[in-house]
Amino acid sequence: MASASLLPAEVLLSRRVQDMVLNGEEPPHLYICRAGTDQTEEEFSTSLSPIPIVDLKILSSSERSSEQEAELQKLHAVLSSWGCFQAIGHGISRPFLDEIRLVGKEFFEQPMEIKKRYSKGVEEFEGYGADPVPEEGQPLDWSDRLFLNVYPQHTKKLKFWPQSPISFRHVLEEYTVQIKALTEAVSKAMAKSLNLEENCFLDQFGEGGPLQARFNYYSPCPRPELVLGLKAHADGSGYTILLQDEVEGLQVLKDEKWFTVPTIPDALFILMGDQMEIMSNGIFKSPVHRVVPNSKRRRISVAVFYTPEADKDIGPELGLLTNERPKSFKRVKNYADTHWEYYQRGETAIHEAKLV
């Protein structure tokens with residue numbers, strides 16, 4: 001039998017990282033993507049450079065005030081520089097956020113024979129497992145995940161929705177309702193921060209703008225300096241709403257330096273994707289980010305991706321175009337597909353939408 005370190009990607013992806021860890025295995029060679037002794041990457045602690053916190057309750061108020069104007073200016077500034085922010089005042093209670101974390105934890109901690117009922121093939125996307133096989137030469141991620149379409153209703157494939165833990169479906173359905181409401185509030189706030197009509201981004205997404213949930217399980221790694229839980233990339237969504245647990249690991253690239261995202265129990269981390277950079281004509285940035293593993297502790301997160309409707313033509317908002325800032329991006333359709341092709345090669349795709 002071939003050594004685990006020499007198995008092809010398809011075989012390794014049919015196994016679970018969680019099982020490798022339980023079996024005490026070292027990372028196979030296809031997971032190794034860092035030198036381990038490379039000191040050229042400087043890791044900055046969150047105490048040195050915290051990612052700004054934005055209060056969505058203030059932004060969502062129907063009454064304009066000096067406090068709201070200041071918060072809109074902060075939102076504009078942070079999305080123009082970081083491309084992400086920590087959202088508080090989002091209307092989802094801390095106890096319910098804890099429920100989402102709990103059902104994710106309970107799912108991944110079940111015996112493998114139960115989780116395998118919701119398995120995907122190595123070339124498929126939705127379901128339990130790992131991302132499809134990347135192009136040759138690209139490393140594998142030190143993580144397992146459960147990926148589900150959650151909105152619109154007709155896109156759900158319930159065969160992949162766990163029946164255990166028993167509360168999983170109900171909790172995720174309720175979370176979807178609350179996240180859908182949150183996308184409306186965030187999209188309106190972003191438009192107002194740019195002095196645009198508040199529904200303009202919602203119109204580009206469309207009423208049927210898909211929501212997809214990704215439960216991530218990052219197992220501890222005996223050699224964390226060699227692997228990544230999730231390789232460096234920018235999202236192809238409009239934007240992504242991330243719920244973290246108490247273990248840090250997400251890092252954002254800014255000014256060619258990696259910054260660790262703090263964990264705040266009642267906050268949601270909102271991160272711009274390429275399609276929001278396009279719609280904002282490059283004002284809002286789609287940041288490159290990654291996940292580093294922990295040597296002792298597992299980490300769980302839940303990401304919800306918000307994307308424009310399939311076949312919908314999107315592009316820079318006309319109200320943002322001036323002689324001083326002309327159109328930077330062409331109109332695109334089904335950009336997420338283009339993004340995925342580049343992601344599988346370990347590359348970003350935003351240049352495909354840029355006007356030369």
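The values are calculated or read from the model by the stated rules, or taken from the named source; none is laboratory data. From a predicted model like this one, the values you see are computed outputs, not experimental measurements. All Cβ positions, even for glycine, are placed from backbone atoms using ideal geometry, and neighbour counts span all protein chains on display. Surface areas here come from the heavy atoms of the whole protein model, side chains and all, with no ligands, DNA or RNA. Shrake-Rupley method; radii C 1.70, N 1.55, O 1.52, S 1.80 Å.
Hey, among 222, 132, which residue is within 26 Å of residue 310 (Cα to Cα), at pLDDT below 95 and assigned to a loop (DSSP other than H, G, I, E, B)? After ruling out the rest, the residue left standing is 132. Counting only helices (runs of 4 or more DSSP H) that sit wholly inside the range 1-86, those with at least 1 residues that are within 29 Å of residue 259 (Cβ to Cβ) and at pLDDT 90 or above are 17-22, 56-59, 66-81. Residue count for the range 342-354 satisfying the condition of being touching a residue at least 24 places away in the same chain (Cβ under 8 Å) and open to solvent by 90 Å² or more (accessible area, probe 1.4 Å): 1. Those residues that are buried (at least 21 other Cβ atoms within 10 Å of the Cβ) and farther than 16 Å from residue 9 by Cβ, I need them from the range 116-144; list them, please. Listed by number, the list holds a single entry, 128. Among the residues of this structure, residue 263 does not count as one that is closer than 26 Å to residue 198 by Cα, among the polar types (S, T, N, Q), open to solvent by 10 Å² or more (accessible area, probe 1.4 Å) and part of a loop (DSSP other than H, G, I, E, B). Scanning the range 313-333 for residues that are part of a loop (DSSP other than H, G, I, E, B) and either loosely packed, with under 13 Cβ neighbours inside 10 Å or in contact with a His (Cβ under 8 Å, 6 or more places away or on another chain) (or both) yields a count of 6. Scanning the range 180-199 for residues that are closer than 16 Å to residue 242 by Cβ and among the aliphatic types (A, V, I, L, M), we see that the one that is surrounded by the fewest Cβ atoms within 10 Å (Cβ to Cβ) is 182. From the list 149, 199, the one residue that fits, being touching a Lys or Arg at 6+ places or on another chain (Cβ under 9 Å), more than 19 Å from residue 18 (Cβ to Cβ) and without any contact (Cβ under 8 Å) to a residue 40 or more places away in the chain, is 199. The lone criterion from (1) surrounded by fewer than 19 Cβ atoms within 10 Å (Cβ to Cβ); (2) part of a loop (DSSP other than H, G, I, E, B); (3) not polar (S, T, N, Q) left unmet by residue 283 is number (1). Of the residues making up the range 160-179, those that are of a type outside the set (S, T, N, Q), surrounded by fewer than 16 Cβ atoms within 10 Å (Cβ to Cβ) and touching a residue at least 12 places away in the same chain (Cβ under 8 Å) are 173, 174.
Return yes when residue 325 is touching a helix residue (DSSP H, G or I) at 6+ places or on another chain (Cβ under 9 Å), under 22 Å from residue 198 (Cα atoms) and without any contact (Cβ under 8 Å) to a residue 60 or more places away in the chain and no when it is not. In short, no. In the set 140, 182, 194, only one residue is within 23 Å of residue 33 (Cβ to Cβ) and in contact with a helix residue (DSSP H, G or I) (Cβ under 9 Å, 6 or more places away or on another chain); that residue is 140. Which residue pairs have Cβ atoms closer than 7 Å, lie 6 or more positions apart in sequence or on different chains, and pair a first residue in the range 282-306 that is farther than 20 Å from residue 214 by Cβ with a second residue that is of a type in the set (D, E, K, R)? Cβ pairs passing all conditions: 284/277; 285/277. Here are 336, 310: which of them is out of contact with any strand residue (DSSP E or B) (no Cβ under 8 Å at 6 or more places or on another chain), surrounded by 21 or more Cβ atoms within 10 Å (Cβ to Cβ) and small (Gly, Ala, Ser)? Going through 336, 310 in turn, just one is out of contact with any strand residue (DSSP E or B) (no Cβ under 8 Å at 6 or more places or on another chain), surrounded by 21 or more Cβ atoms within 10 Å (Cβ to Cβ) and small (Gly, Ala, Ser): 336.
Residue 90 passes every criterion in (1) in a loop (DSSP other than H, G, I, E, B); (2) of a type outside the set (Lys, Arg); (3) without any contact (Cβ under 8 Å) to a residue 60 or more places away in the chain apart from (3). Screening the range 167-207 for residues that are assigned to a loop (DSSP other than H, G, I, E, B) and among the acidic types (Asp, Glu) and picking the one that is farthest from residue 62 (Cα to Cα) gives 207.
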